[in-house]
Structures are given as C-alpha cells and as structure tokens.
Amino acid sequence: MTIVPQPPVAQPAPNKSAETVDPVYRQIRDLVYKVSGIYKAEEKLYLLADGCARRMKQTDARTPREYWDRLTAAPSRDAELRELLNEITIGETCLFRSQPQLDALRKVILPEIVTEKVKQVTKRLRIWSAGCSTGEESYTLAMNMLEESERLLKGWTVEILATDLNDRSVETAKAGIYGDYALRNTSDLYKRKYFSTVDEKRLQVRPEVKKLIAFSRLNLQDDSKMLFMKGMDLIFCCNVLIYFDGASKSKVINHFFSDLNFGGYFFLGTSESLMKLNDQFHLVHFPGTIAYWKPSLSSGKL
Ligand SMILES: C[S@@+](CC[C@H](N)C(=O)[O-])C[C@H]1O[C@@H](n2cnc3c(N)ncnc32)[C@H](O)[C@@H]1O
C-alpha cells in the first residue's frame, strides 16, 4: 500500500475555550496590544483567533505559527498587521448615537466656547472625532454644526477631523452612504435636509456636510502622530477606550488633554469615565450625560 502524503491544511479557528487556544495567539495578542493598545483578555482571545483565522485563509498561512511569521517578517509585516487590525476592531456605531451629548453641546458648550474664542478674536472651531469608525459620529457633529451656521456659528470656520485605526472603516466613512440600521436615530427632517437618495435602501450624506470633515487613518497609540493633534476645541472619543487597558487609556487621555485648547471639552461614550485615569480634566454634568473640561486660562481653576 502506498501512502500519498497529504498537504497540510489551514487549521480551523480554535474553539472558545481559553485552554485550547494555540499559545501563538497570546504572542499575537501581545503584538496587537503593543501596536494598537487593544487588549484581548484571556476570555476574549477566541475573537482574536477568529480574526486571525480569516487572515490565515487570505494569506495561505497553514498554521498560527506561519501566520505569526507573516505578521513579523519583512516585507509583509506592516501591511499584514494593518489587515489584522482591520479584522479585529469593533466598529459598532450609528448616527445621532447620543442626543444628550448633542444637547449639551448645542445648548451649553458651544455658546461658552464661542464667547471665549470671540474674546481671542478667533472664529475657527476645531473638532476631533477620534475612533470615528465608519463616520456616523463625525457626520452627526457636522450636521449639528451646520444647524448653527446661521446663528451661533455665523461667519465661523468649522473643521472636523475624523480618524480611525481601521482603514476600511475610514474608506466607508469617506463615502458617507448609510442604510436603515445606521440611520435608525436620524429624524426625517435631517434625512431630507442633509442626505440624498442612493437607492431604496440607502442615503448618502450631501457634499456640504462632507466638506466640513477630513477623514484619515490614525492610531491613537502612535505618540509621534498624537503630538501633532494640537488646537482642538472639542474631542469626541466615544466607545473606543473600552478596548484598551488602563495603561493605554492613560496615555491616550494625556494626549487628549494636551491636544485640547484651554476651555475645550472632551466626550467619552455613555458607559465610560475617566475615574482613576486623569485628574486634570474637570468633570461637568449635563442632563443625561457628562463631559470633561480643560479649564480655561481665565477660569482660575487650572
Ligand atoms: C465602537 S467604535 C466607536 C465609534 C464611534 N466613536 C461611536 O461611539 O459611535 C470603536 C472604534 O475605535 C477604533 N479604534 C480601536 N483602537 C483604535 C486605535 N488604537 N486608534 C484609533 N482607533 C481605534 C476602532 O477601529 C473602531 O472603529
């Protein structure tokens, strides 16, 4: 009898029990953490393994060890790491995700910032949506700023910077095409005013909204880039830090503090807080939400 040697086949995704996860996934977990701050705890390691399994198929890596080589050996490593990050980031979002934040912004924060900046003879507002996913948060902010363009922000320049680690999300964000799920909280009034119809299922954000926003890929853990994000009046980093551990959170928050102008505000997602992470920001309560304030020079609260 002749035995025909069989080619090795790609290993299936490991099952969800931590003990059965190939130890190579822990090495990959540590690499992902080092680069992006995203930390997959032991009980979530299977999610990373699932993402790796999808990339293993694409790269013809037959074992986790071979995939590790793709991730660490030149010339493929940078591109492959980027692809893996695209695979494992969680981009859950929607337009008008937090109405209490928007109310606080329009009713209290914006009038306050406008008053302060007018004293400095500046009519330029800079907003950063950090971890913007597929763009819904940044378009929501842009539409709300346009609503103020004939009142509070008359004669002002508004610049919204929207960044994310996932370059596929950034490309989707640039297109600005959304279906029912993303639009579930968007009123008919806003739909009529700021969207055009693509087909019976999808709407596209109009050019006058898009024009306020610059989208780009940015890794919040990349210190060299974060140092150049100065001069922000408002930073929204909602539902992003939940994927980081304490050390990566603290580092990013310190960058946000120095990137904000004095008198600027920082928003997190509704279930997040800066407790035990930063004591430079002042916590401010609004109906149904909170925000963090970097005291203004004139406040005497520095
Ligand atoms: C759940 S979404 C939040 C989207 C939006 N901010 C919101 O609240 O609706 C989290 C986003 O954080 C991004 N992200 C995770 N780690 C990141 C990092 N190190 N740098 C930049 N973005 C990151 C993910 O790619 C993902 O799009």
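Bear in mind that the values in this text are calculations on the coordinates, not laboratory data. The structure displayed is predicted, hence computed values, not measured ones. As a convention, Cβ positions derive from the backbone with ideal geometry for all residues, glycine included, and neighbour counts pool all protein chains shown.
For region 152-164, 3J(HN,Hα) computed residue by residue from phi via the Karplus equation (6.51, -1.76, 1.60; θ = phi - 60°) reads 4, 9, 5, x, 9, 9, 10, 10, 10, 9, 10, 10, 8 Hz, glycine and proline entered as x.
Based on alpha-carbon positions alone, could you give the equivalent ellipsoid semi-axes of the chain from the gyration tensor, as √(5λ), descending, whole Å? Over the Cα atoms of the chain, the ellipsoid semi-axes are 40, 23, 16 Å.
Taking 0.36 nm per residue of separation and subtracting the current Cα-Cα distance, fully stretching the chain between VAL108 and ASP223 would add 38.2 nm. Along region 215-220 the Karplus relation, 6.51 cos²θ - 1.76 cosθ + 1.60 evaluated at θ = phi - 60°, assigns HN-Hα couplings of 9, 7, 7, 8, 8, 4 Hz to successive residues, with x for each Gly and Pro. Each of ALA247, THR134, GLY51 was scored by the projection of its Cα onto the charge dipole of the chain, and the greatest displacement toward the positive side belongs to THR134; charges sit on the C-beta of Lys, Arg, Asp and Glu. Mean projected area of the Cα convex hull of region 18-88, taken over all directions, amounts to 4.1 nm².
Length gain on complete extension for the stretch ALA73 to GLU171, per 0.36 nm per residue less the alpha carbon to alpha carbon distance?
Numbers: separation 98, 0.36 × 98 = 35.28 nm, distance 2.71 nm.
Between ALA73 and GLU171, full extension yields an extra 32.6 nm.
Considering only beta bridges that DSSP places wholly inside region 99-299, some 40 percent are antiparallel. By the count of neighbouring beta-carbon atoms within 10 Å, fewest first, TRP128, TRP156, TRP293 end up ordered TRP156, TRP293, TRP128.
Between LYS34 and LEU283, the simple label model (points 7 Å from Cα in the Cβ direction) yields a spacing of 3.6 nm. Just so you know, the averaged projected area of the alpha carbon convex hull for region 198-289 sits at 8.5 nm². Determine which residues of region 240-257 fall in the zone a paramagnetic label at MET275 would reach in this model, i.e. backbone nitrogen under 16 Å from the point 7 Å along Cα→Cβ. Backbone N within reach: 242, 246. Here region 110-216 is treated with +1 on each Lys and Arg Cβ and -1 on each Asp and Glu Cβ, and its dipole about the Cα centre works out to around 360 debye. Return the subset of LYS57/LYS249; LYS123/LYS154; LYS154/LYS191; LYS230/LYS251 for which the Cα-Cα distance in this structure is over 21 Å, preserving the input order. The answer is LYS57/LYS249; LYS154/LYS191.
Here the extension length gained between LYS119 and GLN99 equals 4.3 nm, from 0.36 nm per residue of separation less the Cα-Cα distance.
Return one number: the angle in degrees, 0 to 90 and rounded to the nearest 10, between the long axis of the Cα atoms of helix 45-59 and the longest principal axis of the Cα atoms of the chain. The angle comes out near 70 degrees.
So what is the calculated 222 nm ellipticity per residue for the chain, using -39500 (n - 2.57) for each DSSP H run with n of 4 or more, over all residues, to the nearest 500 deg cm²/dmol? Walk me through the numbers on the way to the answer.
Values: 12 runs with 115 residues, N = 302.
Computed mean residue ellipticity for the chain: -11000 deg cm²/dmol.
Taking the Cα centre of region 99-299 as origin, work out the dipole magnitude from +1 charges on Lys and Arg Cβ and -1 charges on Asp and Glu Cβ, in debye rounded to 20. Don't skip to the answer; put the middle values down first.
Details: 27 positive and 24 negative charges, 98 e Å.
In debye, rounded to 20, region 99-299 gives about 460.
Counting other C-beta atoms within 10 Å, and keeping those with at most 16, which DSSP coil GluC sites (Glu not before Pro) do you find in region 104-185? It would help to have the intermediate numbers written out before the result.
Working: sites: GLU112, GLU116, GLU136, GLU137, GLU147, GLU148, GLU150, GLU159, GLU171; in loops: GLU148, GLU150.
Here the sparse-neighbourhood loop sites are GLU150.
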